[in-house]
Amino acid sequence: MVFSSAVFVFGFMPLLLFLYFLAEPKYRNYILLIFSLIFYGWGGVNYLLLMLAVVMSDYVFAIAIAQIKTQKIRKLFVVFSVVVNLGVLGYYKYTNFFIENINHFIKNDIKIATIVLPIGISFFTFQAMSYVIDVYRGDVAAQKNPFYVMLYVSLFPQLIAGPIVRYTDIERELQERKHSVTLAASGIKRFLIGLSKKVLIANVLGELTDICLKTSQPSILSWWMYAVALVLQIYFDFSGYSDMAIGLGRIFGFRFPENFNYPLISRSVKEFWRRWHISLSSWFRDYVYIPLGGSRVKTGLYVRNVIAVWMLTGLWHGASWNFVVWGVGFGVLLLC
């Protein structure tokens, strides 16, 4: 189910809004959780169970970290969380990538596995993992109620396409939040802006890129048209989904972080990445770049940190060498 589908706009959302605002405040989180699970389970019950297994494992890890005083054991549970989350992400997203490379470089003939990538797995694993790390760092207290942790990770507006919301962003709002006509109207407006970006601009540009690729007489003009249309399509599609997520969050009393800040008017590569997919850039900064030492290290280590972060950023976007080269290329540009 996607935000721009008729099922979502004319079925899922009206029913959710009716039941949510009709219910007493103490029941609203449970209604939101049930509908979030239905939203994700719409694509397959097996993947819903997978997400719930990841969430519950991180819930247990966070509780253990909060209760155990020995630093080495606390750190061990953080490692468990990282291994579980990256293991799940790695299996579903990168197994065939590694098999293809083994077959190519070692000349083996390992069969490609039949693995369907669960929708939103790159987002919910990062959110669940960041929650455990934040508990370990002392940035948030471990949540004792598993339903709150489950709602945090599975909250449907940001589940499939971001922004990557951290537990610290909505910790208070999960337990108590305010609703108002003004906030709901603002959310509806933001949702409609995002929906318009997706349906009226991104989808139309997608048709244009298909025409440019399928033309029987390609020219320099058609390739330039394709390049410009593709950039705009990606931007309006992705930022449109972020707008819809932020708008939906406001309707239900949540304030999600902004994910795009007019990146196409940037004057440099550094400025562009401060404006594009902000939640992902800040995630890698806080959970990878700074723990590696950031810029407060010797030149060689600084170069390593930047390249490592951008190589991982490339891999996060897709399981292919094109994305690795894309990420490393941006890392080099940022170092220049």
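The values are calculated or read from the model by the stated rules, or taken from the named source; none is laboratory data. Because the structure is predicted, anything quoted here is derived from the model rather than measured. Because the Cβ atoms are built from the backbone with ideal geometry, glycine has one as well, and the counts that use them run over all protein chains shown. Note: accessible area is taken over every heavy atom of the protein model, side chains too, but ligands, DNA and RNA are not part of it. Shrake-Rupley method; radii C 1.70, N 1.55, O 1.52, S 1.80 Å.
Of the helices (runs of 4 or more DSSP H) contained entirely in region 151-259, those carrying at least 2 residues that are within 24 Å of residue 135 (Cα to Cα), in contact with a helix residue (DSSP H, G or I) (Cβ under 7 Å, 6 or more places away or on another chain) and modelled with pLDDT under 95 fall at 167-175. Test residue 102 against the criterion of being part of a helix (DSSP H, G or I), surrounded by fewer than 20 Cβ atoms within 10 Å (Cβ to Cβ) and free of Cβ contacts under 8 Å to residues at least 12 places away in the same chain, and give yes or no. The answer is yes for residue 102. Go through region 173-203 and give me each residue that's of a type in the set (A, V, I, L, M, F, W, C), over 23 Å from the mean Cα position of the chain (by Cα) and open to solvent by 80 Å² or more (accessible area, probe 1.4 Å). Listed by number, the residues that qualify are 181, 200. Looking at 316, 310, just one residue is aromatic (Phe, Trp, Tyr), assigned to a helix (DSSP H, G or I) and either surrounded by fewer than 14 Cβ atoms within 10 Å (Cβ to Cβ) or in contact (Cβ under 8 Å) with a residue 60 or more places away in the chain (or both), and that residue is 316. Screening residue 43 against (1) over 30 Å from residue 178 (Cβ atoms); (2) under 25 Å from the mean Cα position of the chain (by Cα); (3) in a helix (DSSP H, G or I) leaves a single unmet condition, (3).
Where residues in region 77-87 are over 19 Å from residue 313 (Cβ atoms) and surrounded by 15 or more Cβ atoms within 10 Å (Cβ to Cβ), which of them is farthest from the chain's Cα centre (by Cα)? Top of the filtered list is 77. Considering 296, 274, the condition of being in a helix (DSSP H, G or I) and either out of contact with any strand residue (DSSP E or B) (no Cβ under 8 Å at 6 or more places or on another chain) or of a type in the set (Lys, Arg) (or both) is satisfied by 274 alone. Does residue 287 satisfy the criteria of being more than 27 Å from residue 193 (Cβ to Cβ) and among the aromatic types (Phe, Trp, Tyr)? Considered against the rule, which asks whether it is more than 27 Å from residue 193 (Cβ to Cβ) and among the aromatic types (Phe, Trp, Tyr), residue 287 comes out as yes. Checking each residue of region 9-22 against the condition of being assigned to a helix (DSSP H, G or I), modelled with pLDDT of 85 or more, more than 24 Å from residue 160 (Cα to Cα) and not aromatic (Phe, Trp, Tyr) gives at least one match. Scanning region 244-255 for residues that are open to solvent by 10 Å² or more (accessible area, probe 1.4 Å) and in contact with a Lys or Arg (Cβ under 8 Å, 6 or more places away or on another chain) yields a count of 1. Restricting to region 287-305, name every residue that is under 22 Å from residue 259 (Cβ atoms) and open to solvent by less than 30 Å² (accessible area, probe 1.4 Å). Across region 287-305, the qualifying residues are 287, 288. Does residue 195 meet the test of being under 17 Å from residue 259 (Cβ atoms) and out of contact with any Cys (no Cβ under 7 Å at 6 or more places or on another chain)? Yes, satisfied. Scanning region 147-172 for residues that are of a type in the set (S, T, N, Q) and open to solvent by 10 Å² or more (accessible area, probe 1.4 Å) returns a single hit, 168.
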